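Scroll down for the structure; my scribbles are underneath it.
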Amino acid sequence: MKWTLINSVASQNNPVPSATDYSDVSSDNSADNSSDTPSDISDTTDNTDRDATDTAGQSSSSGSPSDNPSTTSEPLTDSSFSDQAAIFYVPHPDDEVLNMGAAVLEAQNHYQPVVLVLLTKGAASGAFKEVNNRLAAYALPPITLAEFTEARVRDFYESARYLGIQTDNIYVYDLPDGQVTPASVREIILTFEAKYPQALHQAMSPGDTHPDHAAGGTALHELQNENLISSCRYIISRPLWDLYPAANITRSVSQENMIQYQNALNAYYVWNPDAGRYSTGILSTSYNFGLAQKILEAHWTW
């Protein structure tokens, strides 16, 4: 599998950043069954999100498009199809499946192409410590932060592949995790609007409790208000579903896509240090992965 890695922030003078052929990755999906896991780490996960920048419990609906749910509408019906691109701005590895998965699968029935843009490599996740604790329990050497983030990106690519995204339609940026700004995401959105005019742009809600999520939504909302993009929607993360029930448009994973979705989730469970796979998702936010396995939905507002 070829990776496309983009390290620089896009600019309007360079609307399509040059892609670097990053590496060949072997897709070893043989997840560790944990039968040999030492007893003291047999369950290293809990019901907390280990992203160091998590701010769950806060809320900020000011300026959110969901504040006016009566104006929401869907441009396409379930039976329609368009050659309009659908672009998802993914804040961290695993958001593409945890928060956006059902929407990504649904988009492939209506839009062409479907594009994933990863904004950060997830360096701020507390799972870095959890991974090294588990390696130590196996008497294996620790990994560096750079190796950890590459493992998160590796899992992201595997998940995206199961969601049906072509490798050429996956882009990876390296914005600072926990310090993403609306300005930096704004430039990226403009880059892809230039590449795919009239695209449907999708980011997390501006009112999201995670600052990186909110930064993407804020940037998209600003561009929408300035009429610099014509079509957008805002993905609502699971903790906020109940806050905007009237504004939510809900899509469940269809029966025909169920295996794809489960495999995309499972990409983040794989423990295979020899292949650079460290269960980065389940060690980062086991609670949300558990919810995703049970509640197979995505929520958004226009």
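Nothing in this text is a laboratory measurement; each read-out follows from the coordinates by a stated rule. Keep in mind the model is a prediction, meaning the values are calculated, not measured. Note that we place each Cβ from the backbone using ideal geometry, even for glycine, and neighbour counts take in every protein chain shown.
At a glance:
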{"item": "Where labels lie 7 Å past Cα in the beta-carbon direction, separation of SER230 and GLN166 in nm", "result": "2.3"}
{"item": "FRET efficiency, 1/(1 + (r/R0)^6) with R0 35 Å, evaluated for ASP274 and ASP83 via beta carbons", "result": "0.25"}
{"item": "Overall form of segment 103-176 per C-alpha gyration tensor (a/c, 1.5; a/b vs b/c)", "result": "prolate"}
{"item": "FRET efficiency for GLN179 and LEU145, using Cβ-Cβ distance with R0 set to 25 Å, rounded to 0.05", "result": "0.95"}
{"item": "Approximate spin-label separation TYR287-GLN198, in nm, with each point projected 7 Å along Cα-to-Cβ", "result": "4.4"}
